[in-house]
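The block underneath contains the structure these notes are about, expressed in structure tokens.
The values are calculated or read from the model by the stated rules, or taken from the named source; none is laboratory data. Because the structure is a prediction, the values reported are computed rather than measured. Please note: Cβ atoms are built from the backbone with ideal geometry, for glycine as well, and neighbour counts cover all protein chains shown. Surface areas here come from the heavy atoms of the whole protein model, side chains and all, with no ligands, DNA or RNA. Shrake-Rupley method; radii C 1.70, N 1.55, O 1.52, S 1.80 Å.
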Amino acid sequence: MSDNPPKNHHYVPRHFLKAWSFDGKKLYRYKLQPWGGDLEVQKASLDRVASEHDLYTVEFPDGRFETETSHVTPQVDVPGFKVLERARSSSVCEFDAEDLRELANYVVLLEARNPKILKIMDIRPQLSEIAEQSIRDGLKKADVDHVADYLKLGNLGPVSLGLFIKNESDGRYGKPFAEGLASVELREYEFDSDRLLCSNYPAARWGKFDGELLLVLAITPRKALVYSSNNRLIESIPDDLKAVLFNLYTLGKAEEAYYIDGAMGDFVRAHLGWAVDQTLEESREYVVSILTSYLSPGI
């Protein structure tokens, strides 16, 4: 591990966000203000968006556990950058099985590293239950209690993320989610002009990796990847509305949106974060209602 690890941890990598930059260093950030809900649209540095201070760091009493330099950068960002660039510059239809598995791994981890998922990965609320089960399995109560008391002192999300990244690579603890993602149909959609947003929750997933699944990911302002167990809905939509659909999904679970200019304000203001706390059925109804409004304006 580096003696001087970075403090500002990006959960959407800068190499991913750069596709939406207008000069290679900055993009336009769309963000709702908490004191009234007005939408703020301003230029922002790639270094300062989709990141949090010490996001992947855990401070224990006897030292620091940090997964940014030990796991995220070498095992996610370095190989992920390479496969993402290939997907951006060529067609994923040309990818072989190894390429598709590597791309699926990158997409899964793009969601797994998000702060919302890290909160779910923090198992401290379940430590008592885990400890009781460990004792029932034959471990000594004193040893289990000692470990549980120690773990309670730090946020375990980054620790779990490190184990998750390892499992996606070798399946040591269970079937990798990327295998499930790679098993469903992948299609790419490309537009002849810049139309697609990015957000701070860009891997827009509905369903489970090992079941019915829809995952939409815009990888440039002109190209989106869609993993789907059933592509009939998307294929039934007119081509000029597909970008609207993909942007809806991109905004669904996000707090911020990013684009190459400030022209998307009205759309972002209307739909940013629309899927937060919604059920799958409610999300479907929302999407259908928005698309219907585009198909039947004025009704």
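Details
- Cα gyration tensor shape of region 3-55, rounded if a/c is under 1.5, else prolate or oblate by comparing a/b with b/c: oblate
- Calculated FRET efficiency for the pair residue 40/residue 289, C-beta based, R₀ 22 Å, to 0.05: 0.25
- For region 8-106: rounded, prolate or oblate by the Cα gyration tensor [a/c cutoff 1.5]: oblate
- For the chain, the alpha-carbon coordinates run over 69, 38, 38 Å along the three principal axes, in decreasing order.
- For residue 122, residues with placed amide H under 5 Å, excluding near neighbours: 157
- Gyration tensor verdict on region 137-266 (Cα atoms; rounded if a/c is under 1.5, prolate if a/b is larger than b/c, oblate otherwise): prolate
- Separation in nanometres of the label points that stand 7 Å from Cα toward Cβ, at residue 59 and residue 183: 4.3 nm
- Taking amide hydrogens as placed 1.01 Å from N in the peptide plane, the amide H of residue 199 sits under 5 Å from those of 258, each at least 5 positions away in sequence or on another chain.
- Average Cα contact separation per residue, the chain, under 8 Å, 6 or more apart, as relative contact order %: 20 percent
- Sum of -39500 (n - 2.57) over DSSP H runs of 4+, divided by residues of the chain (222 nm, nearest 500): -12000 deg cm²/dmol
- In plain terms, the bigger the Kirkwood radius, the slower the diffusion; for region 209-299, with that radius from Cα pairs, at 25 °C and 0.890 mPa s, Stokes-Einstein puts D at 174 µm²/s.
- Derived scalar couplings ³J(HN,Hα) [region 72-85; Karplus, 6.51 cos²θ - 1.76 cosθ + 1.60; whole Hz; x for Gly, Pro]: 5, 5, x, 9, 10, 5, 5, x, x, 4, 5, 6, 5, 5
- Whole-Hz ³J(HN,Hα) from phi, Karplus 6.51 cos²θ - 1.76 cosθ + 1.60, for region 170-184, glycine and proline x: 10, x, 5, 9, x, 5, x, 4, 4, 5, x, 5, 5, 7, 9
- Computed on protein heavy atoms with a 1.4 Å probe, the accessible areas place 274, 20 in the order 274, 20, largest first.
- Segment residue 281-residue 23, extension gain: residue separation times 0.36 nm, minus the distance between their alpha carbons: 88.9 nm
- With 0.36 nm allotted per residue and the present C-alpha distance subtracted, the residue 48-residue 236 stretch has 63.8 nm of extension available.
- When peptides 171-180, 254-263, 215-224, 111-120 are ranked by their average number of other Cβ atoms within 10 Å per residue, the highest-first order is 215-224, 254-263, 111-120, 171-180.
- Computed label-point distance, nm, for sites residue 270 and residue 139 using a 7 Å Cα→Cβ extension: 5.3 nm
- Share of carbon and sulfur in the accessible heavy-atom surface of region 240-299 [1.4 Å probe, %]: 55 percent
- The Cα center of region 251-292 and the Cα center of region 73-99 differ in position by 27 Å.
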